[in-house]
Protein chains: 4
Amino acid sequence: MNVCLVGAGLQGRRRAGALSHFADDRLVVVADINLTAAQEIAAQFGCPATERWEKAIDNPDVEAVLVCTPPHLHADIADAAVERGRHVLCEKPLTHNLEAGRNLLAAAREVGVTVKCGFNYRHHPGIRRAHQWVEEGQIGELMHVRCRHGIGGRPGYEKEWRAQPEISSGGQLMDQGLHVLDLLRWFLGDFDSASGVVSTSFWPIDPLEDNVFALLQSTKGQVGSFHASWTQWKNLFSFEIFGRDGYIIVEGLGGRYGTERAILGKRAFLEPFREEIIEFLGEDSSWVDEWQEFVSAISAGREPLGSGDDGLEAQRLAEAIYESARTGTVVRMAEIVATDSAV
Amino acid sequence: MNVCLVGAGLQGRRRAGALSHFADDRLVVVADINLTAAQEIAAQFGCPATERWEKAIDNPDVEAVLVCTPPHLHADIADAAVERGRHVLCEKPLTHNLEAGRNLLAAAREVGVTVKCGFNYRHHPGIRRAHQWVEEGQIGELMHVRCRHGIGGRPGYEKEWRAQPEISSGGQLMDQGLHVLDLLRWFLGDFDSASGVVSTSFWPIDPLEDNVFALLQSTKGQVGSFHASWTQWKNLFSFEIFGRDGYIIVEGLGGRYGTERAILGKRAFLEPFREEIIEFLGEDSSWVDEWQEFVSAISAGREPLGSGDDGLEAQRLAEAIYESARTGTVVRMAEIVATDSAV
Amino acid sequence: MNVCLVGAGLQGRRRAGALSHFADDRLVVVADINLTAAQEIAAQFGCPATERWEKAIDNPDVEAVLVCTPPHLHADIADAAVERGRHVLCEKPLTHNLEAGRNLLAAAREVGVTVKCGFNYRHHPGIRRAHQWVEEGQIGELMHVRCRHGIGGRPGYEKEWRAQPEISSGGQLMDQGLHVLDLLRWFLGDFDSASGVVSTSFWPIDPLEDNVFALLQSTKGQVGSFHASWTQWKNLFSFEIFGRDGYIIVEGLGGRYGTERAILGKRAFLEPFREEIIEFLGEDSSWVDEWQEFVSAISAGREPLGSGDDGLEAQRLAEAIYESARTGTVVRMAEIVATDSAV
Amino acid sequence: MNVCLVGAGLQGRRRAGALSHFADDRLVVVADINLTAAQEIAAQFGCPATERWEKAIDNPDVEAVLVCTPPHLHADIADAAVERGRHVLCEKPLTHNLEAGRNLLAAAREVGVTVKCGFNYRHHPGIRRAHQWVEEGQIGELMHVRCRHGIGGRPGYEKEWRAQPEISSGGQLMDQGLHVLDLLRWFLGDFDSASGVVSTSFWPIDPLEDNVFALLQSTKGQVGSFHASWTQWKNLFSFEIFGRDGYIIVEGLGGRYGTERAILGKRAFLEPFREEIIEFLGEDSSWVDEWQEFVSAISAGREPLGSGDDGLEAQRLAEAIYESARTGTVVRMAEIVATDSAV
């Protein structure tokens, strides 16, 4: 597949690097308003670079577009790509608001192209193993999931694009929180209600939040619970899944999050505690796996894991949590749909 | 001090054992409807045993009463003890409902005796160290606290007294959850609002819950967040305190909860992660320390750590969480006061 | 079985406590030169106490003798017990030197009583599980074992009986080192040669050692390697067994050694590292299990696990390591036999 | 500095990558008998490639030579480089035998160029921190060091160059063992005697060993103890340093060795165990730091950390251990010198 990359920052480099593992896929053009950044990636792949993304996606060779810009530009670029019949893999959040997301997905369905949301956490080997264990019935019917996720931070974080509301479209809830919401949906399915609290506890980034605590409840009474934080001081990822017959813990994401592990424990009242632990060391393979999933889904004519719809639904949950935090109420997910339809 | 023990189960044995560390304190009578159990403890301490608690607290030598029965009897016994001018150390929950608690504390104030609620977690060395670190300003102004606590369970748990609503006055929220609520108050002070979800996910104990997830918010916007579970499958205690300058983690409670540790980490963006870890190995010292606190407070004429008021306040938070779970709303703590005053 | 306990210190209390789990076994007399200590244990079991061990083992009801004194008295007491036809469970080291041990075992064979050496480590649940895994072939043919064991120490350690050469008959090699040697033999069988280094690095206890490092080699070329230390500063037990198909790690012994765990990993070159971990929390069950083994072996007329011969062989290995350290040579185990026969 | 790289395998790529962090240093030529491998690196740095190392080091621009070939070629290349007045950074082992090493270092002294041995472990941040703590006196006078190091292995390991005696000049003792020996010397200074056992337990690589256990003793009676293994099944690095006042543990090396940590504990008999833990996450910085040390030493006219002499001394210890294993004796280090001088 011939690929256009829009956005030559850290994410762009990661996605481009993932591409290079596949003989059948190649970058054919790179766009970034920072032309030097675009040229650096382009040079490695022997393709042209441009400052103008419109020009890049117009390139007639392009079959798919990787959207790796900050969130405020996702909709414009993805819309234009879809209009030209390109498949799209767009970083999360899919778009800056729900309406734009619905429009994008409607257009894609009409044109017949695939839109995938960048949810690489689903492709982390610990998460994949956890999902496989759940599907095998290792821990029985699921009861609830508990997640803690956060970063240690760095000086000047409040000046990065993530801290600019007009660009980021949200704080930590839209940042790492959105990955958590997508994972909760992947394991527990859809939710009925949401409540949450957001706070701006440390970073001078009001009205954006640096912390979010939330409780989600499914129609079956399953609970999804999480805290996502930009003030964790030491990077943390912990995702705990409880079933009637046991539990699964995924911790670490490699790199500064520490060793990635998947842990399986069975309920066994009369025996000593026993766990099986798998450690995933070395390189982060999630970007390569996610690209492969995108290509396979297109080729098979099926929805990819972490589809555009998944992107929209995760965002709908985020909206519900924001509304709960604003109003001090528990928010029914049905209301979020209603409100949206009204737009 | 001459002490009457009412309730000769596991807790009674623990409290009696703690007493034996103090030369100036002694059991003078033990009461339990199971006379054999009462006699066993009494034999070790060379004092009489009885089946009738009324008779035991009437004993004119008695200066203080240890109430270690199931919750439904706390109020009757403690009321009678206070009426006779005895100090009271009563297991949590202080009483089976808020009204009984308020009445007990009002009577104690009138008579001039001390009522302490059994909150031994405050006396675990890891928690004490954490509180000391906070008071020293090691992690600056507190932002939020996150707690996960649960038990692995055992066969027949649904038949124990904890699972009988008329005896226990609540499920896991009133069990380990109440300890967590007391700790949250100790670290963060009073709360403005509470929301929560309870579920009966595994044990056939409806209407009691085996799991509770809750979010509490203080007037200063600090968040207390916890999950308490009777379906944790592997015993867990994790209490994480985040301040603007660092974090503290207390994990383990010894025994089947694993090694008790207090961990201190400072925010330090440009350096590698660094933590100080203290391990508390060996015997659980919390029961001895709590007894000492009770005696010291009486002697000094001051409120003990984990006072009767603390017991009542923790219970008020539990009530708010139950109401939130019932109504699907965020509950203002002021409403809980109002409702109660109306009784 | 009617049991006489000689030695009412920490070990005596542990062994007596273990006895109380068995309906068919009871203490009938306790002896200690510290009569008060003997009386305390005797009172709990409702039996007489005496200052004179000779008198105690003369008691015609006695069927078995628990020897829990310091090492220098083991031989005298055990010899006298055997002479009177009592079975003997004697703390390690079996006797203060090899000759005394050989004489004791020869006498016991003649009289037809059982002599067992107190090697409770074999009965720790983590070690038992490890041995079971090895016997099941989980890690294939064994290649080598690596052990690190040590204590944190306490003020005045140099004044305890362990630090008195005339009483202890050796330093850390005869203390925790002897347990390690017994375990190495249990897993790897007999050894061909030994080399080692001892040092008196911290405690003023010369000529006793506070540290010993040793390498043992079996006829099959398997290696047993260990370091035992009185200057570990933080209690440690780690026992690592390597087979051609995997490895087993036992770590912790509970209490101040931290959680006891048995870990099983299989060689699997192309997969991520995977381990099965069992945690043994709560009370130390080794004393009860070891007593049961002693009684079962007597009843079945078989050698117990951790027999008198095992005690002697472990001591022969210790002697070889001492000689290696003295002479700066690698010592053949055959020489130790020869030297001994000459005595 | 203008640098010639000889050897374009994994090590060559690492060393070249480290170079690219320094504005004043650059590759000017790359040599490898595998021309394609040489060209790949050369392309990234915009310099020529050649199959012939002789030609590469003849290049008049070359000021320093990086020797990253297998061991059997080290001496020839390094000798030629020194002869032409180039500084040399040569992977360990410095040369294939002691005589060649002595000749190389003598020649370098004569010519006045710097020879450094590639001992990047000294530059791992955990090891550096440990050395700094020791120099600050955090753990007092050193008593002994204990090291366990090994790899999990991979299919076909026995066919790699490391398993070819004529190329590798030794098994695991010359591989990871040599790094350990260098670290032991860095912390404990020179040794008096050595004993050890080698085995070929799993891999069909006789006469090379896949495991080595060794004990080294310094004139001060300090002990260096280690086990290095090609049959560890799960990658391990653990380096434990004990002083009279505390201990330091370095564990992990990042990547498949898990998180790199430096741990400091102080002797404190009457308090709970307390440790300070620093985690070094993210990229392995040792290659960059080692290059900087090489350049700084040349510029300052001083011996680098991990000098040619250090390389030779580590190899002398390895020889002593091999001899101990062959002869079943404890070997005096003085004998190794004598034997060598005789050559």
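Bear in mind these aren't lab numbers, they're just calculated from the coordinates by the rules spelled out. Keep in mind the model is a prediction, meaning the values are calculated, not measured. No Cβ is skipped: glycine too gets one built from the backbone with ideal geometry, and neighbour counts run over all protein chains shown.
To one decimal place, what orientation-averaged projected area in nm² is obtained for the convex hull of the Cα set of the protein assembly as shown?
On the way: hull surface 218.5 nm².
Mean projected area of the Cα convex hull: 54.6 nm².
I need the phi-derived Karplus couplings for the range B:142-150: 6.51 cos²θ - 1.76 cosθ + 1.60, θ = phi - 60°, integer Hz, Gly and Pro marked x.
Computed from phi, the couplings for the range B:142-150 are 6, 9, 6, 10, 10, 9, 10, 8, x Hz.
Quick check on chain C: helices-only [θ] at 222 nm, where DSSP H runs of length 4 and up contribute -39,500 (n - 2.57) each and the sum goes over total residues. Nearest 500, please.
Numbers: 11 runs with 124 residues, N = 343.
Mean residue ellipticity, 222 nm, calculated: -11000 deg cm²/dmol.
Do any of C:K116/C:K159; C:K159/C:K234; C:K159/D:K220 go past 23 Å between their Cα atoms, and which?
Working: C:K116/C:K159 29 Å; C:K159/C:K234 20 Å; C:K159/D:K220 25 Å.
In this structure, C:K116/C:K159; C:K159/D:K220 lie more than 23 Å apart at Cα.
At B:R84, with labels set 7 Å past Cα in the Cβ direction, how many nm apart are the copies from this one, shortest first?
The projected label point of B:R84 is separated from its counterparts by 5.2, 9.0, 10.1 nm.
Explain nothing, just the number: dipole magnitude of the range A:15-164 about its Cα centre with +1 on each Lys and Arg Cβ and -1 on each Asp and Glu Cβ, in debye rounded to the nearest 20. Present the calculation step by step, with values, prior to reporting the outcome.
Values: 18 positive and 20 negative charges, 120 e Å.
So the dipole magnitude of the range A:15-164 works out to roughly 580 debye.
Might you report the magnitude of the Cβ-based charge dipole of the range A:43-117 about its Cα centre, with Lys and Arg at +1 and Asp and Glu at -1, to the nearest 20 debye?
Details: 8 positive and 11 negative charges, 43 e Å.
Magnitude of the dipole: close to 200 debye.
Using the crude model of +1 on Lys and Arg Cβ and -1 on Asp and Glu Cβ, and no other charge, please compute the dipole size for chain A relative to its Cα centre, in debye to 20.
Details: 33 positive and 49 negative charges, 116 e Å.
For chain A, the charge dipole is close to 560 debye.
Suppose R0 equals 41 Å. What FRET efficiency, 1/(1 + (r/R0)^6) with r the Cβ-Cβ distance, do C:L270 and B:E283 give to the nearest 0.05?
Working: r = 47 Å, r/R0 = 1.14.
The calculated FRET efficiency here is 0.30.
List the aspartates and glutamates whose Cα lies under 13 Å from the Cα of C:K55, skipping any in the same chain that are fewer than 8 positions away.
C:D32
Between the range D:300-332 and the range A:30-109, how far is it from one alpha carbon centroid to the other, in angstrom?
Using only Cα atoms to place each centre, the spacing works out to 59 Å.
May I ask you to derive the FRET efficiency for C:H21 and B:S20 from their Cβ-Cβ distance with R0 = 22 Å, giving the value to the nearest 0.05?
Numbers: r = 23 Å, r/R0 = 1.05.
Here the calculated transfer efficiency is 0.45.
Farthest toward the dipole's positive end in the range B:207-343, which of B:V288, B:L312, B:S218, given Cβ charges of +1 (Lys, Arg) and -1 (Asp, Glu) about the Cα centre?
B:S218
Could you identify the residue of A sitting closest to the A-B rotation axis by Cβ and state that distance rounded to whole angstrom?
Spelled out, residue of A and its Cβ distance from the axis onto B: A:S195, 3.
Just to confirm the numbers: B:E135, label point 7 angstrom along the Cα-Cβ line, distances to the other copies in nm, shortest first?
Values, ascending and in nm: 4.1, 5.4, 5.5.
Rg/Rh for the range D:1-57 to two decimals, with Rh computed the Kirkwood way over all alpha-carbon pairs. Kindly include the intermediate steps, with their values, before the conclusion.
On the way: Rg = 9.9 Å, Rh = 10.7 Å.
My calculation of the ratio gives 0.92.
So what's the Cα pair-distance distribution over chain A, bin width 20 Å, in %?
Once binned at 20 Å, the Cα pair distances of chain A give 30, 59, 10, 0.
Quick one: with label points 7 Å out along Cα→Cβ, list the inter-copy distances for D:S299 in nm, shortest first?
Copy-to-copy label distances for D:S299: 5.2, 6.7, 7.9 nm.
Tally the DSSP beta bridges in the protein assembly as shown and give the antiparallel ones as a percent, rounded to 5.
Working: 186 of 290 bridges.
Around 65 percent antiparallel, to the nearest 5.
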